[in-house]
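Below is one structure, written out as structure tokens; comments come after it.
Throughout, read-outs are computed from the coordinates displayed, never taken from laboratory work. Treat the numbers as computed from the prediction; the structure is a model and nothing was measured. Positions of Cβ are backbone-derived with ideal geometry, glycine not excepted, and every protein chain shown enters the neighbour counts.
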Amino acid sequence: MSTYESKVPRVLLTNDDGIDAPGLAVLEAVAAELAHEVWVVAPEHDQSGTSHSISLHSPLRVSRQGERRFGLTGTPGDCVVMGVRHLMRDAPPTLILSGINRGGNLGVETMFSGTVGAAMTGLLLGLPSFALSQTFSKRDNVRWDTARALAPGVIRQLLAVGHAVPTCLNINFPDVDAAAAGPLTPTRQGVGLVEDIDVLPQVDPRGMAYHWLRFQRGTRANDHDSETAVVAAGRVSVTPLAFDRTDEPTFARLAASLR
């Protein structure tokens, strides 16, 4: 596959784990190799699970965290809009990178992901956008070195492909050492690993009830070309995503029944 040698003029970075997350620090180092100008607009606090949401009913506050680096009291989608339409309005980014997420975004889980939601917001604004995630098997041992080593080459490969229209690409790095990782592989979303969502009731020290939501994951049947199967085999997956979620078989049945 061909490589993309020249640097992009400006790249906008965001994530859903928060502006102090280690994955964002890795992405900043990666972006420094790829772009002449790196901008960061990221949530001040963890916004995992916020999907594509944007804040229509609450104000957003921006805090300067350094040169071309801003924290936002909002969602990842808010960060992309604030960056493109306000902070970088006079010189918009040519690429949006979201991540690097702590944990994979695989299958239907991408529907809930703030990392992917930010990238999809970039697509809505007409910009090429990549969501990047580092899978792990042990929460206290995330292989950030794998993402750090592989991401620059992966991004260059994908930029070199060229696209007639802006695209959103969901990239997942496997939980193996970079030297052992297989090649970048085109994938389909597939079903992933999420089986259900649990509600976990708790009681606080004042005797008041509160609740946590938690994904229940397990082994599910995924086709060989799904991102889940490809990443499990130690390869880097890339899935092109679109907004249209129409279920074509159901549409055909409805069209036939409702004539």
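For PHE70, the amide hydrogen comes within under 5 Å of the amide hydrogens of VAL40, VAL41, ALA42, GLN65, counting only partners 5 or more places away or on other chains and with H modelled in the peptide plane. Any idea what log10 I(q)/I(0) is at q = 0.20 Å⁻¹ for the range 66-173, Debye with uniform C-alpha scatterers and no solvent? Ignoring solvent entirely, the Cα scatterers give -1.14. Note on ARG245 and VAL203: their simple-model spin labels are 3.7 nm apart, each label 7 Å out from Cα toward Cβ.
Projected label points at ARG139 and ALA91, each 7 Å from Cα along the beta carbon direction, are separated by 4.2 nanometres.
May I ask for the Rg/Rh ratio of the chain, computed from Cα atoms with Rh as the Kirkwood radius, given to two decimals?
Details: Rg = 18.8 Å, Rh = 19.0 Å.
Reported Rg/Rh (Cα atoms, Kirkwood Rh): 0.99.
What does the charge count around HIS224 come to, taking other residues whose C-beta lies under 12 Å from its C-beta (Lys +1, Arg +1, Asp -1, Glu -1)? Write out the running numbers ahead of the final one.
On the way: positive: ARG188, ARG235; negative: ASP223, ASP225, GLU227.
Overall, the nearby charge balance is -1.
Whole number please: convex hull volume per residue, Cα atoms of the range 158-208, in Å³.
Working: hull volume 11.3 nm³, N = 51.
Residue-normalised Cα hull volume stands at 221 Å³.
Reported to the nearest whole Å, the Cα centre-to-centre distance from the range 94-165 to the range 1-63 is 10.
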